[in-house]
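Trainee: Before I ask anything, let me first share the structure, which is written out below as structure tokens.
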Amino acid sequence: MKRSDFPANFIWGTATSAYQIEGAVSEDGRGPSIWDTFSHTPGKTKGGDHGDVACDHYHRYPEDIALMKELGVNAYRFSVAWPRILPEGRGRVNPRGLDFYNRLVDALLEQGITPWATLYHWDLPQSLEDQGGWPSRETAYAFAEYADLVTRHLGDRVKHWITLNEPWCSAYLGYHAGIHAPGQQNFKHSIWASHHLLLAHGLAVPVIRRNVTGARVGITLNLSPGYPASPDPADVAAARRFDGFQNRWYLDPLYGLGYPADMLALYGEAPSVQGDDLITIAAPTDFLGINYYSRAVVRNSDLEPYRFQYVRVGEEHTDMDWEVYPEGLYDLLIRLGREYRPKAIYITENGAAYPDAVADDGGIHDLERVRYFQRHLALCLEALQHGAPLKGYFAWSLLDNFEWAEGYAKRFGLVYVDFPSQRRRIKASGYWFRDFLREAVASS
Ligand SMILES: OC[C@@H]1[C@@H](O)[C@H](O)[C@@H](O)c2[nH]c(CCc3ccccc3)c[n+]21
């Protein structure tokens with residue numbers, strides 16, 4: 001499989017997010033986010049890690065753009081930090097926050113790299129959380145105001161916009177599982193949060209289109225195909241519930257189907273839908289972003305409210321203990337193409353954590369990660385050849401970075417970061433990706 005097997009206009013990129021790489025959390029007027037609060041709360045992140053410095057990208061972005069150039073990517077997916085732009089979430093604008101993204105975008109364009117901006121990658125301004133956070137409908141309106149401000153300032157140069165990164169994570173991990181910021185464990189709040197996140201997306205789509213000539217707008221979802229652990233009908237039903245919990249709860253409203261009836265019945269908790277919300281949420285988009293890492297295998301369980309249990313399967317697992325299962329990406333792409341018929345699909349994240357180390361020769365020989373990329377790209381190609389509307393691929397991630405609750409212990413980068421010195425080193429996977437993009441590799 002080689003680059004020229006893909007369409008000539010296929011987008012090849014790397015992805016990051018603001019809180020995971022920027023650092024400079026109190027510089028140039030940035031306000032606190034829920035991840036500043038959460039990561040500084042004892043016990044919430046591995047080793048008490050936080051994003052205060054991270055990859056110091058706020059200062060080192062020219063060097064990081066040079067790395068993207070060396071890898072040969074033609075696009076870069078980053079996120080805009082809401083608390084840099086509006087330190088209190090709404091109202092007072094921080095011009096130095098906007099200036100950073102102006103500098104970043106101009107530097108990318110200068111290198112011929114197309115900027116793809118995610119408006120929200122989990123760093124909700126703390127003051128909005130203090131006023132209710134995503135369980136409050138007001139936060140959806142605040143997001144639309146934020147989207148308006150950012151796209152008015154960057155929309156002349158940034159044409160590709162992703163409203164939200166993974167609303168499932170913000171709602172479920174943040175408000176029910178409690179393992180992500182703000183760390184609540186309240187099922188009802190997580191359902192309300194999911195609705196207000198989708199509403200925020202729907203409110204922002206027309207705002208972005210109004211502000212950006214030629215805008216291409218979409219949302220990024222973390223989707224996982226669910227497989228029953230056995231042919232037992234109870235396990236098959238559990239897999240359907242998993243699919244509703246992880247995938248259909250978001251896909252159905254976004255594609256005009258409303259919330260899935262089986263899940264509404266299961267939850268017994270209706271989202272706080274008002275008026276035309278479902279029409280707003282189903283605003284037509286230009287693409288669907290998918291973050292794919294692995295599949296789920298589940299069996300039946302009495303565990304309320306989802307009533308499924310994960311089953312650990314497979315021979316190969318990454319450092320996150322996620323099964324390496326590229327076939328799941330193929331199945332997912334084919335299903336989405338058939339069932340939801342998005343105009344275009346971009347893999348906005350795909351990658352793997354492995355315990356990378358600098359070898360005696362100074363290299364990082366992450367051959368497992370090379371293999372992970374090769375296998376997943378091969379299945380992307382197969383899905384594309386079988387009709388999936390796949391138009392691009394962003395590797396997660398450009399740099400080793402702050403991996404949320406796992407802190408800096410989990411490395412996903414094509415580029416190794418030695419955090420004490422901030423020195424970057426391209427890993428074997430980075431060189432492989434570079435050669436793949438240059439078409440210098442022998443076709444495998
Ligand atoms: O965990 C690797 C990446 C994160 O670094 C990204 O910020 C985030 O967009 C992202 N999503 C997923 C899949 C969903 C997930 C995220 C974190 C923890 C568990 C599941 C994996 N990743």
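Trainee: Could you grab me the full set of residues in region 78-94 that are touching a residue at least 24 places away in the same chain (Cβ under 8 Å), surrounded by fewer than 18 Cβ atoms within 10 Å (Cβ to Cβ) and more than 23 Å from Ala215 (Cβ to Cβ)?
Mentor: Glu88
Trainee: Taking the conditions exactly as written (away from the ligand (no atom under 16 Å from the Cβ), polar (S, T, N, Q), touching a residue at least 12 places away in the same chain (Cβ under 8 Å) and open to solvent by less than 30 Å² (accessible area, probe 1.4 Å)), does Thr151 satisfy them or not?
Mentor: For Thr151, the condition - away from the ligand (no atom under 16 Å from the Cβ), polar (S, T, N, Q), touching a residue at least 12 places away in the same chain (Cβ under 8 Å) and open to solvent by less than 30 Å² (accessible area, probe 1.4 Å) - is met.
Trainee: Same structure, new question: Hey, can you tell me all the residues within region 380-415 that are over 25 Å from His57 (Cα atoms) and open to solvent by 30 Å² or more (accessible area, probe 1.4 Å)? Walk me through how you get there before you give the answer.
Mentor: Here is the first cut: in region 380-415, the residues over 25 Å from His57 (Cα atoms) are 380-391.
If the condition is that a residue be over 25 Å from His57 (Cα atoms) and open to solvent by 30 Å² or more (accessible area, probe 1.4 Å), then Glu382, Leu384, Gln385, His386, Gly387, Lys391 are the ones that fit.
Residues checked against (1) among the hydroxyl-bearing types (Ser, Thr, Tyr); (2) open to solvent by less than 10 Å² (accessible area, probe 1.4 Å); (3) touching a helix residue (DSSP H, G or I) at 6+ places or on another chain (Cβ under 8 Å); (4) at negative phi:
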{"residue": "Leu164", "(1), (2), (3), (4)": "no, yes, yes, yes"}
{"residue": "Ile179", "(1), (2), (3), (4)": "no, no, yes, yes"}
{"residue": "Gly183", "(1), (2), (3), (4)": "no, no, yes, no"}
{"residue": "Asn222", "(1), (2), (3), (4)": "no, no, yes, yes"}
{"residue": "Asp232", "(1), (2), (3), (4)": "no, no, no, yes"}
{"residue": "Tyr255", "(1), (2), (3), (4)": "yes, no, no, yes"}
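Trainee: While we're here: Under 6 Å between Cβ atoms, which residue pairs at least 6 apart in sequence (or on different chains) link something in region 284-313 that is surrounded by fewer than 21 Cβ atoms within 10 Å (Cβ to Cβ) and among the β-branched types (Val, Ile, Thr) with a partner that is part of a loop (DSSP other than H, G, I, E, B) and at pLDDT 95 or above?
Mentor: Short answer, once both residue conditions are applied: Val311/Ala229.
Trainee: Also, quick follow-up: Please specify each residue of region 196-215 satisfying the condition of being surrounded by fewer than 20 Cβ atoms within 10 Å (Cβ to Cβ) and touching a Phe, Trp or Tyr at 6+ places or on another chain (Cβ under 9 Å).
Mentor: Passing the criteria: only Ala215.
Trainee: Which of the residues spanning region 112-129 are in contact with a strand residue (DSSP E or B) (Cβ under 9 Å, 6 or more places away or on another chain), open to solvent by 10 Å² or more (accessible area, probe 1.4 Å) and more than 16 Å from the ligand (Cβ to nearest atom)?
Mentor: Thr114, Gln126, Glu129
Trainee: Out of all the residues in region 332-379, which are without any contact (Cβ under 8 Å) to a residue 60 or more places away in the chain, β-branched (Val, Ile, Thr) and buried (at least 21 other Cβ atoms within 10 Å of the Cβ)?
Mentor: Ile345, Ile347 - these are the residues of region 332-379 that are without any contact (Cβ under 8 Å) to a residue 60 or more places away in the chain, β-branched (Val, Ile, Thr) and buried (at least 21 other Cβ atoms within 10 Å of the Cβ).
Trainee: Here's a follow-up. Go through region 194-222 and give me each residue that's within 16 Å of the ligand (Cβ to nearest atom), assigned to a helix (DSSP H, G or I) and β-branched (Val, Ile, Thr).
Mentor: none
Trainee: Right, another one. Which residues, taken from region 68-77, are in contact with a helix residue (DSSP H, G or I) (Cβ under 7 Å, 6 or more places away or on another chain), surrounded by 21 or more Cβ atoms within 10 Å (Cβ to Cβ) and of a type outside the set (A, V, I, L, M)?
Mentor: Residue satisfying the conditions is Tyr76 alone.
Trainee: Looking only at region 427-444, how many residues end up being open to solvent by 20 Å² or more (accessible area, probe 1.4 Å) and modelled with pLDDT of 95 or more? Before you say what the answer is, go through the steps one by one.
Mentor: Start the filter on region 427-444 by keeping residues that are open to solvent by 20 Å² or more (accessible area, probe 1.4 Å), which leaves 428, 431-432, 434-435, 438-444.
Now restrict to residues that are modelled with pLDDT of 95 or more: 428, 431-432, 434-435, 438.
Qualifying residue count for the region: 6.
Trainee: Where in region 1-115 are there helices (runs of 4 or more DSSP H), lying wholly inside it, with at least 1 residues that are among the basic types (Lys, Arg)? Spell out the reasoning first.
Mentor: Details: elements: 18-21, 34-39, 57-71, 82-85, 95-110.
Answer list for region 1-115: 57-71, 82-85, 95-110.
Trainee: Only one of (1) under 24 Å from Arg60 (Cα atoms); (2) out of contact with any helix residue (DSSP H, G or I) (no Cβ under 6 Å at 6 or more places or on another chain); (3) crowded, with 18+ Cβ neighbours inside 10 Å fails for Leu104. Which number is that?
Mentor: Tallying (1) under 24 Å from Arg60 (Cα atoms); (2) out of contact with any helix residue (DSSP H, G or I) (no Cβ under 6 Å at 6 or more places or on another chain); (3) crowded, with 18+ Cβ neighbours inside 10 Å, Leu104 fails exactly one: (2).
Trainee: Further, regarding this structure: Go through (1) open to solvent by 10 Å² or more (accessible area, probe 1.4 Å); (2) small (Gly, Ala, Ser); (3) within 16 Å of the ligand (Cβ to nearest atom) for Ser26 and report which single condition fails.
Mentor: Answer for Ser26: the failing condition is (3).
The values are calculated or read from the model by the stated rules, or taken from the named source; none is laboratory data. A quick note: this is a predicted structure, and the numbers were derived from the prediction, not measured. Note: ideal-geometry Cβ built from the backbone for every residue, glycine included; neighbour counts use all protein chains shown. Remember, those area values only see protein heavy atoms, side chains included, never the ligands or the DNA or RNA. Shrake-Rupley method; radii C 1.70, N 1.55, O 1.52, S 1.80 Å.
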